[in-house]
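Notes follow the structure.
The values are calculated or read from the model by the stated rules, or taken from the named source; none is laboratory data. Computed from a predicted structure; not experimentally measured. Neighbour counts run over all protein chains shown; Cβ positions are idealised from the backbone, glycine included. Each accessible area value is taken on the protein alone, full model and side chains, heavy atoms only, with ligands, DNA and RNA left out. Shrake-Rupley method; radii C 1.70, N 1.55, O 1.52, S 1.80 Å.
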Amino acid sequence: MAKEKGLISPEDFAQLQKYMEYSTKKVSDVLKLFEDGEMSKYRQGDAIGYVGFEQFLKIYLEVDEIPYHLCWSLFWSFHTSSVNAEATEANASMVCLSDVSCYFSLLEGGRPEDKLEFTFKLYDRDRNGILDSSEVEKIILQMIRVAEYLDWDVSELEPILQEMMKEIDYDGNGSVSLAEWVQAGITTVPLLVLLGVDMTMRDNGEHMWRPKRFSRPVYCNLCELNIGLGKQGLSCNFCKYTVHDHCAMKALPCEVSTYAKSRKDIGVQTHVWVRGGCDSGRCDRCQKKIRIYHSLTGLHCVWCHLEIHDDCLQAVGPECDCGLLRDHILPPSSIYPRVLASGQDRKLKTTDDTTLCNVKALRIDPVPNTHPLLVFVNLKSGGKQGQRVLWKFQYMLNPRQVFNLKDGPEQGLRFFKDVPQFRVLVCGGDGTVGWILESIDKANLPVVPPVAVLPLGTGNDLARCLRWGRGYEGENLGKILKDIEISKVVYLDRWLLEVIPQGNNEKSDPVPSQIINNYFSIGVDASIAHQFHLMREKYPERFNSRMKNKLWYLEFATSESIFSTCKKLEEFLTVEICGKPLDLSEVSLEGIAVLNITSTHGGSNLWGDTRRLHGDTSSINQALGNVAKIITDPDILKTCVPDMSDKRLEVVGIEGVIEMGQIYTKLKNCGHRLAKCSEITFRTTKTLPMQVDGEPWMQAPCTIKITHKNQMPMLMGPASSSYNLFGFWS
């Protein structure tokens, strides 16, 4: 069916998107090669055959090989005439290079204005800045195709684009200029959302639109008609104002202001009511039902999230306390321009917000006895979960508290620098957490904030140890925020990793990090991780879920168990702990792990469980010899309890893959407990696989020194956390 419509399957499109995530090429770069570069031999006018198309994909996606099925299906999807899809490459017909380039440019990141201009120039063959209507329709056709792949309701989009064309060609002469095309495009809201409008806060009444498909009756805030069950509309991330696609251009301004624009707005937050959006279906004032399935009814406050009947509004006072999440929220009344604090009492125009993009222009005075939350979201973690988490937090908190990590964490840390008692929530994997901890370390903050983790990665070892779970799967974000509110502060040791190469010509991979937060290892587990890393780099589309990743890991582990590439590891390295040699003559190992936390490789505890004595962990470890920096006595090691705050590392030997599997499945308690120490040195005599916090590399003979760096405050989740399976707000 997809072939009949000229579309590739949803699975093929998902695979294509995965390739594009890992590519750094732009369509314009590839197009130059086909116009006057080495690839021009594949062109016949503005057409290319299958071989040329395959070369286009390889260069654009930066891969050596493209799966045949994907390439062939995508090639045939660009045919506008009915052609026999069973034909061979030898007699395959041609596809339009401009159509191919237009399609991929629409999927790329970038400003909508640039995309509109690029697609226009693709079809402007004589470069006179004018297209006829039939050429513009070709661009619109590619836009509709992209919309279909992204699961849009094109029955809504097509009439909008047709209406746009009528407005552009107002004199009916059938020609469109570049200026007319770009101006029409940037004023058509659904088209902007499709093109990937830059979601930057402007605080000028513009909605932060996102496409949304509804599984229950929802009514348009503008025309008040039902959007339709299973139909798509546009919803504002900030205020939940919801409209049909075709109603978006006439929508009322967004009611959300993220900061106080005049002196009278500072200090006291008032309710901001928006019609509809009463998802619970029950009034928080009178506790009676709100008939949300029959019409646009009820009101919700965008700050405290109260949901009430229209008739109950008079019974609710004007002042807003920000509701159940008040401990985390920075209300607009707490954020204001510094000029208002300096005696210049003047009303700021909403259009002046462009001057406030620099966080230094705003001052924060949080509500007393609260702990404002600074949220960082890595959109590349957890598939599409990162994007959904970002949207939800933008609604649940002040959008100025929520930062997309595509631009790094520095802006958010500068904004919160002088905020007392603030906390940080990192939404991402272990690598993202390490990045934020290092950024906080370098930010020179007056007080270092404690950090919580919403695990979006694959392994999530640190999140497991801090009781934030093995991986976020759509749980109630409101419940998670309440858990952060009652969490306790613990300290995480951080360690310096110094790699000193030997004076030979053997090449090594770059060392991924000079800081250890979780663990460091040499040998069998690093070898498996390195194979996994190489395969994911080459075929990223095969690693698009946690389950698939684990299956691949199992396959590489099986291969390693057969070939044993790190057999008799003790013959190729020596270990010193606090300057004293560690005797490895009594064991035959394939790996050595140095642990700072009790979870590695996505939940495996190599140190194993310890029968706890009476008393807390720190007092037990002190009784076992805190004065002595080294513990190597096997009997004492049996009773040592790991502690991420004790300024010590646990050293474990691994016999091989089978033992790792036994430990992971709890068939065996632990590996060989070798030592507990505060400093360790490795000297290797051959190239060996290594990894730090799950990031592997191959290292030529060298000396490795691990020493204590500092401690960072982290938030430990409640002992028993049970989340429901439903989102706080959908």
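Figures for the structure shown
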| item | result |
| --- | --- |
| Modelled FRET efficiency - R0 22 Å, His708 with Ile500, Cβ distances, 0.05 increments | 0.75 |
| Projected-area mean, region 535-602, by convex hull of Cα positions, square nanometres | 6.8 nm² |
| Partners for Lys482 among lysines (Cα-Cα distance below 20 Å; same-chain residues under 8 apart left out) | Lys392 |
| Folded to 0 to 90 degrees: helix 154-168 orientation relative to the chain principal axis, Cα | 50 degrees |
| Cross-link reach list, lysines versus Lys138, counting only Cα pairs under 18 Å and skipping chain neighbours closer than eight places | Lys5, Lys115, Lys121, Lys166 |
| Ellipsoid equivalent to region 215-270 - semi-axes via the Cα gyration tensor, in Å | 30, 11, 8 |
| Among Phe118, Asn128, Gln514 - extreme Cα towards positive end, dipole of the chain, charges at beta-carbon | Gln514 |
| 15 Å tail of the calculated P(r), region 33-76, as % of Cα pairs | 40 percent |
| Extension gain, Cys223 back to Asp509 (0.36 nm per residue minus Cα-Cα distance, nm) | 97.0 nm |
| Low-density loop cleavage sites - chymotrypsin sites (Phe, Trp or Tyr not before Pro) in region 627-724, where at most 16 other Cβ are within 10 Å (DSSP) | Tyr723 |
| Inter-probe distance in nm under a simple model that places probes 7 Å from Cα toward Cβ, at Arg542 and Asp635 | 5.2 nm |
| Ile562 paired with Thr685, simple spin-label distance in nm, labels 7 Å along Cα-to-beta-carbon | 3.1 nm |
| Å² of accessible area per residue within the chain, as computed with a 1.4 Å probe and no ligands counted | 46 Å² |
| Three-way shape label, region 462-576, alpha-carbon gyration tensor, a/c 1.5 | oblate |
| FRET efficiency, Lys231 to Arg111 (Cβ-Cβ, R0 51 Å, nearest 0.05) | 0.95 |
| Extension gain, Ser588 back to Val447 (0.36 nm per residue minus Cα-Cα distance, nm) | 46.0 nm |
| Qualifying aspartates and glutamates (Cα of each under 20 Å from Cα of Lys479; at least 8 residues distant if same chain) | Asp279, Asp284, Glu307, Asp321, Asp327 |
| Accessible surface of the chain [probe 1.4 Å, protein heavy atoms]: carbon and sulfur percent | 51 percent |
| Estimated Rh, region 175-312: Kirkwood, alpha-carbon pairs, angstrom | 16.5 Å |
| Helix 133-149 axis, angle to the chain major axis (alpha carbon atoms, nearest 10°) | 40 degrees |
| Test item: Cα-centred dipole of the chain, Lys/Arg +1 and Asp/Glu -1 on Cβ, debye | 2240 debye |
| Subset of Lys550/Lys676; Lys548/Lys666; Lys261/Lys417; Lys289/Lys380 violating a 32 Å alpha-carbon distance limit | Lys289/Lys380 |
| Debye log10 I(q)/I(0) for the chain, one point scatterer per Cα, at q = 0.08 Å⁻¹ | -0.79 |
| Electrostatic dipole magnitude of region 154-309 [Cβ: Lys, Arg +1; Asp, Glu -1; Cα centre; debye, to 20] | 1060 debye |
| Protection-proxy order for peptides 486-493, 439-446, 521-528, each taking the mean of Cβ atoms within 10 Å per residue, highest first | 521-528, 486-493, 439-446 |
| Farthest toward positive dipole pole in the chain [+1 Lys/Arg, -1 Asp/Glu at C-beta], among Ala452, Ile8, Ile48 | Ala452 |
| Distance (nanometres) between label positions extended 7 Å along Cα→Cβ at Ser295 and Glu158 | 3.4 nm |
